[in-house]
Protein chains: 2
Amino acid sequence: MQDVADAAGVSVGTVSNVLNHPAKVSPATAERVREAIGRLGFVRNDAARSLVSGSTKSIGMVLADIENSLFIDMAHGAQDAARAIGQNLLLANTACDMRLQDDYLDLFDESRVTGVLLAPMEDSTAGIARIRSHGRQVVLLNYAPRPGTCCSVLVNNEHVGYLAARHLIDTGRTRLAYVVAHDDYQPVRDRRRGVRAAVEEAGPGVTLEEIDSVGLTTSHGHVVGAELARRAPEELPDGLLVVTDELANAIIHELHTVAGIRVPDQVAVVGCENNRAAGAAAVPLTAVDMPGRMMGQEAIRLLMDEVASGKQHRHATVVLEPELIVRSSAPN
Amino acid sequence: MQDVADAAGVSVGTVSNVLNHPAKVSPATAERVREAIGRLGFVRNDAARSLVSGSTKSIGMVLADIENSLFIDMAHGAQDAARAIGQNLLLANTACDMRLQDDYLDLFDESRVTGVLLAPMEDSTAGIARIRSHGRQVVLLNYAPRPGTCCSVLVNNEHVGYLAARHLIDTGRTRLAYVVAHDDYQPVRDRRRGVRAAVEEAGPGVTLEEIDSVGLTTSHGHVVGAELARRAPEELPDGLLVVTDELANAIIHELHTVAGIRVPDQVAVVGCENNRAAGAAAVPLTAVDMPGRMMGQEAIRLLMDEVASGKQHRHATVVLEPELIVRSSAPN
DNA sequence: GACGGGTTTTGAAACGCTCCAAGGTTGTCG
DNA sequence: CGACAACCTTGGAGCGTTTCAAAACCCGTC
């Protein structure tokens with residue numbers, strides 16, 4: 001910066017002003033400085049900059065699973081919102097590794113970002129507490145915080161389950177099965193509650209079976225599908241609720257394409273996240289849509305609210321409602 | 001840090017040593033300092049830190065399209081490789097917006113990252129030149145640089161096209177059509193060359209038609225598919241090469257599910273990126289696989305090579321070979 | 001008890017920027 | 001012509017670390 005100042009025949013203070021408060025500098029001087037900056041290829045040092053100001057113009061977003069299009073949507077929404085208020089969004093993918101998640105939380109903490117958006121897959125109370133205790137703001141996405149811990153943006157996951165089950169019941173299915181895995185993942189637990197509620201509400205004419213899958217990946221789905229396909233016809237559920245889309249697609253593949261069990265005629269299937277893959281699948285999947293982009297936007301809003309209001313901030317939870325998207329795997 | 005020092009009854013220099021060179025400090029003192037750090041909730045300021053050192057422990061990765069699973073794979077590979085050498089990987093998504101891309105390049109430049117990985121969708125020579133002129137290293141991913149500009153990791157995209165076409169020809173298809181869009185996107189151009197080469201090699205018995213799609217999204221694919229479906233049977237190609245998987249899936253959907261044209265019996269289809277969606281599609285898609293993870297790893301390797309070797313560095317290009325994954329849309 | 005060697009600790013400079021009080025320069029008006 | 005305001009520019013303090021030469025300490029020897 002001193003070099004630029006020398007080259008333009010001004011002081012460093014003036015160079016700084018050109019960069020940060022152009023109005024304070026006469027047009028002629030500003031032009032001369034800018035020319036020098038260009039000629040010398042000067043890049044202002046963000047470290048020194050934020051050392052002085054004590055903060056940055058960046059928001060960190062830690063995502064548990066960048067493979068999942070819901071998380072991508074959240075990132076998109078957050079990016080748009082952040083950009084609109086002059087903040088940059090930095091992404092970090094933990095691939096569901098809690099150690100990595102802690103590392104990234106600390107990294108963002110140490111680099112004094114404006115705030116952190118966290119979309120985890122496990123309880124992260126410890127990590128949140130740690131960086132909050134340093135005065136850094138965190139907003140939790142798609143995972144309910146321990147009450148009073150921080151702001152959060154959630155989907156009404158109970159209603160996700162309810163909508164899915166209700167759709168099957170309303171279209172005449174009576175022997176439902178709910179395929180679930182990772183019951184420790186909170187949104188998954190919530191969905192189950194909604195499913196049960198819908199079934200109870202429907203009365204004794206509708207039964208619910210719960211099927212445990214080992215995991216949520218495609219290959220796990222194939223196992224579940226194959227198992228179902230081996231059942232006697234009268235044992236086969238006529239409505240399947242599947243806790244994620246990937247799992248649902250795999251099951252449909254096994255049932256429909258491999259075993260020749262007709263979807264939706266014999267078994268209707270509903271998924272729960274309306275991921276990218278849902279619409280493109282062998283049998284386009286009826287699924288409950290999660291408003292990912294809006295979640296990202298809301299999260300940024302909550303974060304900036306908290307940053308702005310300082311001490312007198314009250315944590316808030318925004319709960320967005322899901323919506324059923326009907327496709328052919330479970331038509332109307 | 002001063003507070004910590006006071007609390008532990010030592011000087012700031014010692015606190016710094018505890019953090020950075022524990023061997024230099026006596027165990028007793030170190031313990032006392034660590035206790036104070038914990039008690040006071042001290043977080044070292046990364047800005048001050050990198051102000052002194054002039055660099056950070058982070059690598060920035062700028063991705064043009066985080067929706068595309070190839071880019072996700074590259075990020076994964078890069079993340080693993082970066083972590084293995086003690087660097088953090090920070091992601092930024094430009095959503096194909098060149099202005100955003102420039103902003104992120106500048107952001108990483110200003111924050112003095114160790115280096116930048118860039119996977120663009122358009123020629124980015126200007127941006128690369130800009131930050132390289134400041135001494136910051138860039139490795140280009142999946143997009144060939146202007147010769148001598150920087151290191152890069154590429155897929156042999158010509159071979160992608162060749163493999164796809166060759167597979168169709170080898171399995172007896174003779175009236176090929178290549179569906180393409182965004183011909184200005186370099187990998188897409190390369191693929192076309194490979195397709196043409198394979199067709200020429202096959203001699204006069206095989207014909208090639210080129211079909212221009214307006215874009216690469218699902219809806220564009222539906223348009224192309226519907227158009228094809230309207231053709232007289234003898235006008236219909238029997239082998240379709242589609243430049244991306246998303247487009248391929250949409251076309252198949254329109255052909256197979258909507259118009260009842262049998263895939264692969266009447267028309268075989270091959271896609272070009274082997275994205276996540278390829279395997280899960282209505283008709284599982286035969287596609288040419290791009291080694292995304294390995295690309296990410298190689299990129300980190302090249303970047304660190306360049307950082308290490310300094311002045312005497314010579315730019316290198318790593319070209320990885322694609323591989324055909326045969327599924328049912330174009331079986332053997 | 002002084003000395004020498006090694007180990008610990010200290011204190012201040014430096015990193016590159018922003019901010020701000022103070023000084024300089026113009027221009028205007030009485 | 002002098003006073004005053006408005007506008008520009010300057011120079012230095014300070015941000016929180018790391019680094020390193022120098023100082024302090026410790027222990028065993030002579």
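The values are calculated or read from the model by the stated rules, or taken from the named source; none is laboratory data. What you are looking at is a predicted structure, and each value in this text was computed from that prediction instead of being measured. Cβ atoms come from the backbone with ideal geometry, glycine included; neighbour counts cover every protein chain shown. Surface areas here come from the heavy atoms of the whole protein model, side chains and all, with no ligands, DNA or RNA. Shrake-Rupley method; radii C 1.70, N 1.55, O 1.52, S 1.80 Å.
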How well do other chains shield peptide A:91-98, expressed as the mean number of their Cβ atoms within 10 Å of each residue Cβ? 3
Hey, which aspartates and glutamates would be in cross-link range of A:Lys311, C-alpha to C-alpha under 16 Å, not counting anything within fewer than 8 residues on its own chain? none
Can you list the equivalent-ellipsoid semi-axes of chain B, largest first and in whole Å, using the square root of 5 times each Cα gyration tensor eigenvalue? 51, 20, 16
Long-range amide H partners of A:Leu324, meaning residues 5 or more apart or on another chain whose placed amide H is closer than 5 Å, are A:Asp289
Selection of GluC sites (Glu not before Pro), region B:189-279, meeting DSSP coil and at most 16 other Cβ within 10 Å: none
Charged-residue dipole, Cβ positions (Lys, Arg, Asp, Glu), region A:1-99 about Cα centre, Debye nearest 20: 460 debye
With only Lys, Arg, Asp and Glu charged, each at its Cβ (+1 for the first two, -1 for the last two), find how big the charge dipole of the protein assembly as shown is about the Cα centre; round to the nearest 20 debye. 2000 debye
Roughly how crowded by other chains is peptide A:104-110, in terms of the mean Cβ count from those chains within 10 Å of each of its Cβ atoms? 4
Given the options A:Val160, A:Val206, A:Val62, state which has the largest fluctuation in a GNM of chain A using a 10 Å cut-off (strictly under) for Cα springs. A:Val206
Given label points at 7 Å from Cα along Cα→Cβ, what nm distances, shortest first, separate B:Ser11 from the same residue in every other copy? 3.3
Taking the Cα centre of chain A as the origin, how large is its charge dipole in debye, to the nearest 20, when only Lys and Arg (+1) and Asp and Glu (-1) carry charge on their Cβ atoms? 1260 debye
Going highest first, how would you order A:127-134, A:26-33, A:288-295 by mean Cβ packing within 10 Å? A:288-295, A:127-134, A:26-33
Report the Cα-based extents of the protein assembly as shown along its three principal axes, largest first, to the nearest Å. 77, 69, 50
On the accessible surface of chain A, probed at 1.4 Å with all protein chains in place, carbon and sulfur together account for a percent value of 51 percent
Ascending list, in nanometres, of distances separating the B:Gly203 label from those of the other copies (7 Å, Cα toward Cβ): 7.5
Which residue, B:Gln2, A:Ile59, A:Ala308, has the largest displacement toward the positive end of the dipole of the protein assembly as shown when charges sit on each Cβ (Lys, Arg +1; Asp, Glu -1)? B:Gln2
Could you please state, rounded to a whole Å, how far the C-alpha centre of region A:207-226 is from the C-alpha centre of region B:227-277? 31 Å
Structure-based [θ]222 nm, chain B - -39500 (n - 2.57) summed over DSSP H runs of at least 4, per residue, nearest 500: -14000 deg cm²/dmol
Calc'd 3J(HN,Hα), region B:89-102, phi into Karplus 6.51 cos²θ - 1.76 cosθ + 1.60 (θ = phi - 60°), Hz, glycine/Pro = x, comes to 10, 9, 9, 9, 10, 9, 6, 6, 9, 5, 5, 4, 4, 4
10 Å Cβ neighbours from other chains, averaged over peptide A:248-259: 1
In Å², and per residue, what accessible area does the protein assembly as shown have when probed at 1.4 Å with the other protein chains present? 41 Å²
Please list, in order along region B:244-249, the HN-Hα scalar couplings obtained from phi with the Karplus expression 6.51 cos²θ - 1.76 cosθ + 1.60 (θ = phi - 60°), rounded to whole Hz, x for Gly and Pro. 9, 5, 4, 4, 4, 4
Which whole-Hz couplings ³J(HN,Hα) result when phi for each residue of region B:304-318 is put into the Karplus expression 6.51 cos²θ - 1.76 cosθ + 1.60, θ = phi - 60°, listed in order with x for Gly and Pro? 5, 4, 5, 4, 6, 7, x, 4, 7, 5, 10, 4, 10, 10, 9
Top of B:Ala164, B:Ala64, B:Ala308 by mean-square fluctuation, Gaussian network on chain B, Cα under 10 Å: B:Ala308
Non-local residues with an amide H under 5 Å from the amide H of B:Val243, with H modelled 1.01 Å from N and Pro and chain starts lacking one, are B:Val179
Tell me the net charge near A:Ala78. Cut-off is 13 Å between Cβ atoms, A:Ala78 excluded, with +1 for each Lys or Arg and -1 for each Asp or Glu. 0
